[in-house]
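Colleague: Mind looking over this structure? Questions follow.
The values are calculated or read from the model by the stated rules, or taken from the named source; none is laboratory data. None of the values given here were measured: they were computed from a predicted structure. Reconstructed Cβ throughout: ideal geometry from the backbone, glycine too, with neighbour counts over all protein chains shown.
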Amino acid sequence: MSLPPWNAVHSLVVHFPIALLSVALVFVVLWMFRPEAWRLFGMTALLLMLGGTIGATVATLTGEASADKVEDHLSAPAHDMLEEHSELGETTRNLFIALTVAYVIVLMMPRWVGRRLTPASMRLVILLYVAAYALACGVLARTGHAGGRLVHEFDTHVEWPAGPTPPHQQE
């Protein structure tokens, strides 16, 4: 069994960053309400963000390869949607790279600032972070919606190459 070509796996890999990055927000909110459980909630959110951000980077790369394969065969409206989806994908990746770096800074603030940081001010920092992250999740949702429109409304997809017929189906 061989691996599918890079330009055909975009539809498989895009779902991982959507799920991981969305669920990370839940753990950041849990950490905001239970700051004493930062190891559980805060670190879980970080791991989800790291996985989701790596996944968003892979999704962007596979999306570029897929776009190169199909863009010459698209109608004008489909091409416009592909451009929008591509731009949103790059924006989404860049936002979550920045937000993941910012989250590491937020996680480390109590250690760096020490006692000068009150629990109320730390909650405010986390709340501001949650607001920024929620806006980025909105961009993530728009990106996914544009990709879904490409597939379901414009029937845009990269065909997987036909593999050998399995022995049990040969006659």
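Colleague: For the subset of region 66-81 comprising residues that are small (Gly, Ala, Ser) and touching a residue at least 60 places away in the same chain (Cβ under 8 Å), which member is surrounded by the fewest Cβ atoms within 10 Å (Cβ to Cβ)?
Modeller: If we take residues in region 66-81 being small (Gly, Ala, Ser) and touching a residue at least 60 places away in the same chain (Cβ under 8 Å), then 75 is surrounded by the fewest Cβ atoms within 10 Å (Cβ to Cβ).
Colleague: Determine whether residue 123 is at pLDDT 95 or above and either of a type in the set (Ser, Thr, Tyr) or surrounded by 12 or more Cβ atoms within 10 Å (Cβ to Cβ) (or both).
Modeller: Details: at pLDDT 95 or above: no; either of a type in the set (Ser, Thr, Tyr) or surrounded by 12 or more Cβ atoms within 10 Å (Cβ to Cβ) (or both): yes.
When the stated conditions are applied, residue 123 does not pass them.
Colleague: State the number of residues belonging to region 8-27 that are of a type in the set (Gly, Ala, Ser) and in a loop (DSSP other than H, G, I, E, B).
Modeller: So the answer is 0.
Colleague: Counting just the residues of region 140-171 that are among the hydroxyl-bearing types (Ser, Thr, Tyr) and not in a helix (DSSP H, G or I), which one comes out modelled with the highest pLDDT?
Modeller: Restricting to residues being among the hydroxyl-bearing types (Ser, Thr, Tyr) and not in a helix (DSSP H, G or I), the top hit is 156.
Colleague: Still on this structure, please answer the following. Considering only region 1-19, how many residues are among the hydroxyl-bearing types (Ser, Thr, Tyr) and in contact with a Ser or Thr (Cβ under 6 Å, 6 or more places away or on another chain)?
Modeller: 0
Colleague: So the check is Cβ under 6 Å with 6+ separation or different chains; which pairs have a first residue in region 14-37 that's free of Cβ contacts under 8 Å to residues at least 24 places away in the same chain and a second one that's crowded, with 18+ Cβ neighbours inside 10 Å and of a type outside the set (Gly, Ala, Ser)?
Modeller: From residues that are free of Cβ contacts under 8 Å to residues at least 24 places away in the same chain, the pairs are 27/41; 27/44; 30/41.
Colleague: Can you pull out the residues in region 98-108 that are surrounded by 15 or more Cβ atoms within 10 Å (Cβ to Cβ) and either among the hydroxyl-bearing types (Ser, Thr, Tyr) or within 18 Å of residue 36 (Cα to Cα) (or both)?
Modeller: 100, 103, 106, 107, listed by residue number.
Colleague: When you go through 30, 12, 21, 48 one by one, which is the residue that is surrounded by fewer than 18 Cβ atoms within 10 Å (Cβ to Cβ) and over 14 Å from residue 151 (Cβ atoms)?
Modeller: Going through 30, 12, 21, 48 in turn, just one is surrounded by fewer than 18 Cβ atoms within 10 Å (Cβ to Cβ) and over 14 Å from residue 151 (Cβ atoms): 30.
Colleague: Filter region 37-76 down to residues that are charged (D, E, K, R) and within 19 Å of the chain's Cα centre (by Cα), then give me how many there are.
Modeller: Qualifying residue count for the region: 1.
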